[in-house]
Every structure is written in structure tokens, then in C-alpha cells.
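Shown next, in C-alpha cells, is the structure this report addresses.
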């Protein structure tokens with residue numbers, strides 16, 4: 001270990017002062033170096049490289065990368081597929097986040113009770129969150145199977161015709177949203193429950209002494225006190241939904257007819273199947289900008305909130 | 001055992017000078033108390049002594065050795081921290097022997113030392129407990145034992161009793177004094193509590209705003225405060241100090257160079273009737289409030305000098321009306337314009353010239 | 001509060017419904033995994049197969065080099081765990097406990113990396129890994145995750161809560177910085193370390209995206225990839241085999257979840273990311 005060095009130096013009175021002091025100065029850098037190296041190699045440098053590539057035309061094999069200015073960006077913005085990708089991403093994100101958060105909030109209020117039954121329920125709805133997305137995707141592909149799937153059987157039981165969940169451009173995106181909501185509800189509910197439990201009980205007691213009716217207590221105490229949690233979950237949800245990849249890759253492959261193609265999948269396709277590194281990188285840069293704005297908004301609001309407290 | 005010498009020590013934090021050019025010597029084997037209000041620099045001095053903080057200027061000598069650049073562990077000191085700083089994940093034994101183990105003291109010897117020290121501080125039955133299972137007093141003892149086991153040249157104690165309740169604090173005070181006598185090691189003790197300082201130290205260093213106000217034995221500090229700050233800091237309630245003007249109406253002659261005069265609340269006497277005792281200045285006064293403490297009573301009275309505290313050990317006076325306060329002239333402490341005591345001015349010299357407290 | 005029996009019954013029914021929404025998919029998975037191929041293709045579906053087809057699991061396992069996938073998964077996950085702890089602990093300690101020039105810059109850098117998802121940078125990383133010649137090796141799956149910005153952030157918080165006095169006491173006790181970390185800081189940070197380990201283990205054991213992008217042959221593929229490829233075997237999805245394969249992936253995690261439920265929920269809820 002690097003720390004042993006100090007001990008050794010201590011033994012020699014002559015050089016002790018000198019080397020002790022210089023090692024003390026270097027030590028913090030030595031301790032953060034491995035982590036910073038990994039960040040530099042696998043996070044910072046790639047971001048820079050991606051930005052660089054977004055201004056070039058390259059097919060991955062050719063030794064030359066042609067500088068093309070903003071041509072990649074103008075191509076993308078004029079590309080009908082890419083515009084669909086953007087609208088798909090926004091639709092997917094909006095509905096996934098709105099549904100997940102809405103349902104989770106209701107579930108949190110319902111399930112925020114002590115006792116074995118309720119902690120069992122909490123664990124149950126949380127379980128999809130720790131399962132690999134591979135299994136979630138394949139399980140739901142099977143459940144949504146057009147011919148022998150469970151979901152169509154249930155629909156038939158209540159007298160509704162079978163639906164082509166994943167194979168019809170009208171339903172495929174909605175099906176993916178359904179899976180995302182199913183997977184995300186448990187996590188969101190538990191975060192809401194944690195938020196509910198952090199509201200001081202005496203607020204409710206004070207309100208009760210003032211004869212505040214329950215719905216007013218909910219609106220005037222629960223909602224405002226929960227708003228940081230709500231905000232946090234919304235931002236995290238939006239950021240994560242924008243990056244959706246696994247379910248699309250496994251369940252629909254972006255189709256049918258591009259109806260479920262989203263950002264990351266588009267980058268993946270352009271980079272790894274069409275070898276259009278420039279386009280893929282430009283799409284990556286656009287995603288980077290969207291995510292950066294969201295993150296900045298998050299920290300802006302967060303710091304304001306902390307300030308007002 | 002060691003003498004500690006601070007030589008022109010200054011400490012500046014971001015332009016803010018918290019210790020200003022202090023030089024002092026802490027005697028070998030003494031129990032020296034650094035006392036002062038918060039922000040007076042006492043903790044900073046302590047931390048520089050221990051080596052946690054580097055002085056901006058000056059030299060520190062411990063046992064004749066210049067320790068300016070020595071790491072804390074090489075200074076041969078041990079410290080008892082305000083919040084004990086016990087290692088929460090180790091047992092009492094682990095806490096006490098941690099330093100020994102780090103110094104590669106053989107296991108058997110370590111065990112002997114720990115057992116011995118534990119016996120002295122009365123922890124033998126608790127050696128295998130974790131600190132969170134101990135009471136405040138026991139934790140304090142673990143902290144002491146951990147310091148003692150290293151057999152340091154200097155003990156540094158940073159407000160070690162401030163987290164204990166009043167009763168335990170009194171008891172631990174006595175134990176610490178006994179411990180000091182038994183070990184004979186130099187103790188440097190920091191506190192903001194003047195009672196602790198008076199009762200424990202054989203030398204007190206009063207600090208304010210980064211400067212030494214007075215360094216003397218407790219009784220000397222009490223009897224001959226070096227300046228107004230020391231006079232007002234030691235004693236409960238503090239010394240009554242008034243400007244020269246206030247006393248000019250009482251004393252016939254206030255010598256040149258005296259700008260304020262003080263006297264201790266317990267040295268004045270209070271009576272319901274005028275007594276006209278010689279060598280005392282008598283003032284007709286009005287009792288404003290009184291605190292009955294049992295053995296003593298503290299009155300706040302108003303007279304033509306101003307508002308003052310009088311501490312009396314005789315039976316409390318029940319009424320709040322007029323009374324007479326007599327101040328013995330030889331107990332008056334004159335101070336110069338810079339606040340320092342004016343040593344050779346005997347105000348009782350003009351005893352015959354005292355104007356009595358008649359309006 | 002006294003609730004009427006009707007409300008109680010409705011509440012109970014509601015809970016049962018909710019439970020089924022989350023349990024039925026798993027039950028369906030298990031049921032399918034034991035069916036014969038014929039039984040998967042009946043409509044309406046059967047829930048309990050006539051005979052339990054244990055053979056499905058063997059078939060799933062033998063449909064590809066699953067031993068290799070499994071070993072790769074174990075190697076990758078464990079290596080990431082070990083490397084993350086080795087890099088996180090000193091970095092978190094330095095950020096929490098030392099003052100040094102450019103500290104704020106490096107910490108801000110760490111926070112930026114906390115915000116960068118792998119889905120954003122996989123393409124340039126892929127290009128880099130390929131030029132360094134470690135594409136399609138386990139190193140390509142391990143090294144980018146050799147540290148964790150999130151771990152540094154969390155552990156730093158925990159280290160910062162340790163009172164300075166404790167460190168000073170240890171320094172007076174001749175402890176080296178390494179001993180301070182090992183004997184004082186880490187024991188105090190144990191809950192956070194457990195949280196991080198569980199979090200990291202689950203995330204990388206389950207990870208499908210990164211191995212998919214960074215591997216091209218079986219030599220570095222991991223279990224989730226192998227399971228995903230079951231679908232492409234022999235022309236069409238034999239759902240009984242696919243579900244049997246997925247059971248292999250899901251059951252171990254569910255078992256761990258059952259035993260370390262509280263820790264895992266806390267790990268995810270209080271850390272909040274993904």
C-alpha cells in the first residue's frame with residue numbers, strides 16, 4: 001500500500017521532515033488518481049471524442065475522417081426518421097413518467113402503513129426493479145404474444161378482441177410504456193413512501209387540532225412537503241426514459257415501421273449497423289444537450305429549494 | 001515530564017488573526033489551565049501545541065525540543081478531547097491499546113499496560129464493551145485511560161468535562177486533580193469555565209482575543225487581577241468596575257493615571273442602616289433584585305456610582321427598599337486607561353478624605 | 001379510527017389485485033418454464049403443466065456456451081466490485097478529509113461523470129476500446145466501471161460525518177492514514193458499503209446493454225446476453241426454453257432479494273439513481 005511509505009520515511013530522521021511534507025502534498029492526488037483516470041478515459045474523453053466526431057463523416061473503417069461542419073446535424077434535423085425518433089422519445093417519456101408518478105403517488109398513500117402485510121406488498125411491487133431488463137422484456141414479450149399471450153387471453157375473458165401488442169405500429173409504443181410503468185412503479189412508490197414518512201407528524205396533529213378536513217390536509221401539507229420528492233422522481237424518470245434501449249432492442253427492434261425507435265436505439269443502429277459514425281455522434285450530442293439541460297434545471301431548482309428552507 | 005515553551009506564536013486564518021504573538025512558558029509538571037471566552041484562541045493554541053494546526057509564526061518547544069514540524073504523534077503528547085473521540089467500532093480495550101498496537105508494542109506487554117491503566121481509572125469490568133454501552137463518566141475515563149497508557153510527556157485536555165452533568169463534573173474535577181498529582185506530568189487544560197480554572201489549575205492563563213491577559217496562580221488572579229478583563233472574567237458575579245468619574249464623587253482624590261476602579265461583590269458589605277465604618281466608602285443604595293442561593297445572597301443594587309452586584313453571606317434582607325453599601329477602601333482595584341492594573345496605587349491612603357455616602 | 005368491514009374487504013381485495021399484477025407475470029414465467037412445447041401453444045393457456053419439464057432447463061443451458069457466460073458474468077461482476085472499492089475508498093477519503101488545490105475541480109468532474117449515462121457515450125467508448133484492442137474482452141466490460149462516481153459521492157458523504165476529533169485522536173495514536181481508513185472510517189461506513197456493493201452487484205449482474213455493445217463473440221459474453229440470445233435459437237422462440245433460461249437469471253436475484261430485502265430496498269430508494 002502506498003500508505004506504508006510514510007512509516008518508512010519516519011524511520012530516517014534526516015530526510016523525515018522533507019519527505020513527510022512532500023508526500024502529504026502529493027497524497028490526495030495519488031488517492032483520487034485511479035478514479036479520475038477512469039473518468040478521464042471512459043467519460044470525459046469519450047464525450048469530447050463524440051463531439052469531435054459529430055462534425056466529421058466517418059464509416060469506422062476508413063482511415064480518414066472528413067470534416068463536414070454541421071452537416072451531420074442538418075441531416076439529422078431534416079431526417080424524417082430522426083424527427084420520429086424525437087417525437088417517439090418525447091411521447092414515451094411523457095407517458096411513462098406521468099403514469100408512473102401518478103400511480104405511484106396513489107399507491108404510496110395507500111401502502112404507507114406499518115405491518116407485515118404492507119411491507120410485503122411494498123417488496124412485491126418493488127421486485128421488478130431488481131430483475132434484469134432482459135428477463136422483464138422477454139417475459140412481457142411472451143405475455144404480449146399475439147397468439148398465445150396471457151394479456152390477450154385476459155382481454156378475451158372480458159370480451160375484448162385480441163390486440164397485436166408489439167407488432168402493430170399503433171400499439172407498440174404504448175406496450176413499451178406499459179412495461180416501463182410496471183417496472184418503475186415499485187421504485188417510485190417506495191421513494192414516495194420514504195418522502196411521506198419524512199413529513200413531521202406534528203404538522204398533521206396541528207392541522208387536526210385546527211379541524212382541517214383530510215383532503216385539505218393532503219393538499220396543504222402532503223403535496224407541498226412531498227414536492228421535492230415529486231420533482232426528484234420526475235427528473236430522474238425523464239432522464240432515464242430518454243435513454244431507454246433494452247426493451248426496445250429486445251421487444252420491438254425499433255419497429256414496426258420505426259414506431260418505437262428512440263434516441264439511444266437510433267444511435268446504436270446508425271453506429272453499429274449502418275456505420276454512420278458521424279450521424280450517430282451528432283444524435284448523441286443532441287441527447288447530451290437534452291440531458292444536460294434537464295440536469296441543470298434539476299440542480300437549479302434543487303439549490304433554490306435548499307436556499308429557501 | 002516536560003516544559004512547554006511558546007515563542008512569539010501567531011496564528012492567522014484567512015487574514016483573521018486569532019492568536020497574536022504569544023510567548024509563554026508552561027512549567028514542567030504543572031497543571032496549567034488556559035481559560036477564556038469562546039473565540040479567545042485557547043483551542044487554537046492547544047491545537048498548535050498538539051500539532052493539528054501549524055502556527056503562522058513562532059516556535060513551539062516541548063521538553064527542549066523544537067516541534068514546529070513534528071507530526072502530532074511524534075510530539076510525545078496525549079490528548080483528551082471534548083467529545084471524548086472514542087473509536088466507536090472498537091471495544092474499550094481496543095480503544096486503549098490502539099496507540100500501543102500502532103507503535104508495535106508486543107501483545108503481552110500491551111495487555112499488561114491496559115489492565116493496569118484500566119484498574120487505575122476503574123474500567124476493569126468494562127474492557128470488552130463498546131463505547132456506546134458506557135455512561136458519560138465511563139467514556140471520560142476511557143478517554144483518560146487512552147491518553148495515560150501512552151505515558152506521554154504532556155497531557156492536553158480540551159474542555160473534557162463540558163459534556164458531563166453538573167454532579168459528575170464536580171466529581172471528575174477532583175479525580176483529575178488526583179490523577180495529576182499521581183502522574184506528576186505536565187497538564188495543559190482548556191476550559192471556558194472560570195470555576196474549573198480556579199479549582200483545578202495551579203497556574204491559570206487567561207486569554208482574550210488571542211492575547212494573554214494574565215498568567216498566574218489562581219489566588220493571585222483573584223487577589224490581583226492583571227487587568228480589567230481578568231478582573232471581570234474571574235469571580236461570580238464578576239467584579240464591579242466603574243469609570244473614574246463615578247468614583248470621583250466618592251473618593252476625595254483619585255490618583256493620576258487611574259481611569260477605572262473595581263471591587264469584588266463579596267468584599268462590599270450591605271446594611272439596612274448607615275454605619276459609618278472607617279476606611280469604607282458608604283453609599284446609600286436601593287435594592288433592585290436579589291437572588292437567594294442559600295449560603296449566600298446576591299443583590300443587585302443601584303446607587304450614585306451605578307448598578308452593582310453585592311454578594312453577602314449574612315442573613316438575606318427581605319425588603320427591597322433603601323440600604324447602605326460599604327466598600328472597604330483597601331479592596332479597591334485601580335486600573336489604567338489601557339485596562340491594566342495600576343499596582344502601587346493604594347487608594348486607602350486617602351482614607352480620611354472619603355466623602356460619606358450622603359447626598 | 002374504526003373502518004367499516006366493507007372498506008376492509010375492499011381494501012383486502014385491492015391489495016390482492018395489486019399483488020397479482022406483480023406476481024402473475026412471475027408465476028406465468030415459472031409455469032411456462034415447466035411446460036412442454038405443445039402446452040405453450042394452447043389457447044386458452046394452461047397454468048399447471050401435466051408433467052414438470054425439468055429438461056427445459058437443461059436444454060436452455062446446453063443451447064449455448066452457458067458455462068462460459070456464467071463464468072464471464074461472475075468474473076466481470078466481481079472484478080467491478082473489487083476495483084470499485086479499491087478506487088472509491090481512497091478517492092472518497094481524499095475528497096472528504098483533505099484540502100488540496102483543485103479539489104473542487106476534481107470533485108465537480110466526478111459529479112459530471114455521475115450524470116453521464118453509459119447509454120450516451122457507448123459509441124465513442126466502443127471506438128476507443130477497439131483502438132486499444134480490448135474490445136470483445138472482459139476488460140472492456142470491467143474497466144469503464146472500475147470506479148463509480150456515485151460510490152465516491154455516497155462514501156464521501158459518509159466519511160464527512162465522522163467527527164474530526166476522531167481522526168485527530170487516531171493520529172495522536174500513531175495511526176497511519178491507511179489504518180485510519182481501515183480501522184475507523186470503513187467500520188463506520190459499513191451500511192453504506194453494503195448498500196454500494198448490493199447496488200453495484202445487481203446493476204452489473206443484470207446489465208445487458210454494455211455487454212451487448214462491447215462484445216461480438218462468445219468469449220466475453222455474459223449471462224444476460226446468453227439468455228437474450230435464446231430467442232434467436234433454432235429459428236423461433238420456444239417460449240418454454242426461453243422462460244426456463246430466464247428463471248436461471250431471475251431466481252438467484254429474487255432469492256438474494258428475499259434475504260436482503262431491507263438492504264436492497266434501502267440501497268435503491270435512498271440512492272435514487274436508476
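Using all pairs of distinct alpha-carbon atoms, the Kirkwood hydrodynamic radius of region B:133-252 works out to 16.4 angstrom. Beta bridges from DSSP with both residues in the protein assembly as shown: antiparallel share about 75 percent, rounded to the nearest 5. Between the Cα long axis of helix C:239-259 and the first principal axis of chain C there is an angle of about 40°, rounded to the nearest 10. For region A:162-308, the alpha-carbon coordinates run over 67, 44, 19 Å along the three principal axes, in decreasing order.
May I ask you to derive the FRET efficiency for residue B:277 and residue B:162 from their Cβ-Cβ distance with R0 = 56 Å, giving the value to the nearest 0.05? Once the sixth-power term is evaluated, E becomes 0.85.
Above 14 Å lies some portion of the pair distances; for region A:17-77, what is it as a whole percent of all C-alpha pairs?
Working: 1302 of 1830 pairs.
Roughly 71 percent, rounded to a whole number.
Between the Cα long axis of helix B:92-102 and the first principal axis of chain B there is an angle of about 70°, rounded to the nearest 10. As an exercise, use a Förster radius of 41 Å and the Cβ-Cβ distance of residue A:81 and residue C:10 to find the FRET efficiency, rounded to the nearest 0.05. Efficiency at R0 = 41 Å is approximately 0.25.
Taking 7 Å steps out from each Cα toward its Cβ at residue C:78 and residue B:181 produces label points 6.4 nm apart. Region B:46-103 and region B:268-331 have their alpha-carbon centroids 50 Å apart. Sorting A:286, B:156 by the number of Cβ atoms found within 10 Å of their own Cβ, with the fewest placed first, yields A:286, B:156. Translational diffusion coefficient of region B:4-228 at 25 °C, 0.890 mPa s, Stokes-Einstein with Kirkwood Rh over Cα pairs, in µm²/s as a whole number. The Stokes-Einstein estimate is 135 µm²/s.
Considered as an equivalent ellipsoid built on the Cα gyration tensor, region A:20-171 has semi-axes of 44, 33, 15 Å, the largest given first.
Computed over chain B with a Gaussian network model linking Cα atoms closer than 10 Å, the most mobile of B:230, B:143, B:295 is B:295.
Just order C:174-180, B:104-110 by mean Cβ neighbour count inside 10 Å, highest at the front, would you?
Taking the mean over residues of other Cβ atoms within 10 Å, the ranking is C:174-180, B:104-110.
For the protein assembly as shown, the C-alpha radius of gyration sits at 1.29 times the compact-globule guess of 2.2 N^0.38 Å, with N the residue count. Beta bridges assigned by DSSP with both partners in chain B are antiparallel in approximately 70 percent of cases. The mean number of partner chain beta-carbon atoms within 10 angstrom of a residue's beta-carbon across peptide A:138-151 is 5.
Residue exposure proxy: B:35, A:61, C:192, ordered by other Cβ atoms within 10 angstrom of their Cβ from fewest to most, comes out as A:61, C:192, B:35.
Rounded to 0.05, the FRET efficiency of the residue C:194 and residue B:236 pair, given R0 = 51 Å and the Cβ-Cβ distance, is 0.45. In percent, rounded to a whole number, the relative contact order of chain C is 31, using alpha-carbon pairs under 8 Å and six or more apart. Taking the Kirkwood radius as the inverse of the mean 1/r across Cα pairs, report the Rg/Rh of chain C. When Rh is taken as the Kirkwood radius, the ratio is 1.08.
Taking every alpha-carbon pair under 8 Å whose residues sit at least 6 apart, chain A reaches a relative contact order of 26 percent. Projected over all directions and averaged, the alpha-carbon convex hull of region B:237-355 occupies 7.0 nm². Sorted from greatest to least, the principal axis extents spanned by the alpha carbons of chain A come out as 89, 68, 36 Å.
Remark: relative contact order (region B:4-228) = 30 percent; criterion is Cα-Cα distance under 8 angstrom and separation of 6 or more residues.
The ranking of A:150, A:190, C:18 from fewest to most other beta carbons within 10 Å of each one's beta carbon is C:18, A:150, A:190.
Diffusion coefficient of region C:71-191 by Stokes-Einstein, Kirkwood radius over Cα pairs, 10 °C, 1.306 mPa s: 98 µm²/s.
Taking region A:88-127 on its own, what percent of its Cα-Cα pair distances exceed 15 Å?
52 percent
Summarising the overall dimensions of region C:98-169 from its C-alpha atoms, the Rg and Dmax are 16.7, 50 angstrom. For region B:1-97, the convex hull spanned by the alpha carbon atoms encloses 130 Å³ per residue. Which distance in Å, rounded to a whole number, links the C-alpha centroids of region A:37-79 and region A:143-169? After rounding, the separation between the Cα centres reads 43 Å. Within 10 Å of the Cβ of each residue in A:22-34, the mean number of Cβ atoms contributed by other protein chains is 6. Between B:271, B:147, B:216, the residue with the greatest mean-square fluctuation in the GNM of chain B (Cα pairs under 10 Å linked by springs) is B:271. When the Debye formula is applied to the Cα atoms of region C:1-71, each taken as the same point scatterer, what base-10 log of I(q)/I(0) results at q = 0.23 Å⁻¹? Ignoring solvent entirely, the Cα scatterers give -1.00.
Built from the Cα atoms of region B:194-240, the convex hull projects on average onto 3.0 nm², one quarter of its surface area.
All of the numbers you see were taken from the coordinates with simple rules; none came from a lab. Treat the numbers as computed from the prediction; the structure is a model and nothing was measured. Note that each Cβ is placed from the backbone with ideal geometry, even for glycine, and that neighbours are counted across all protein chains shown.
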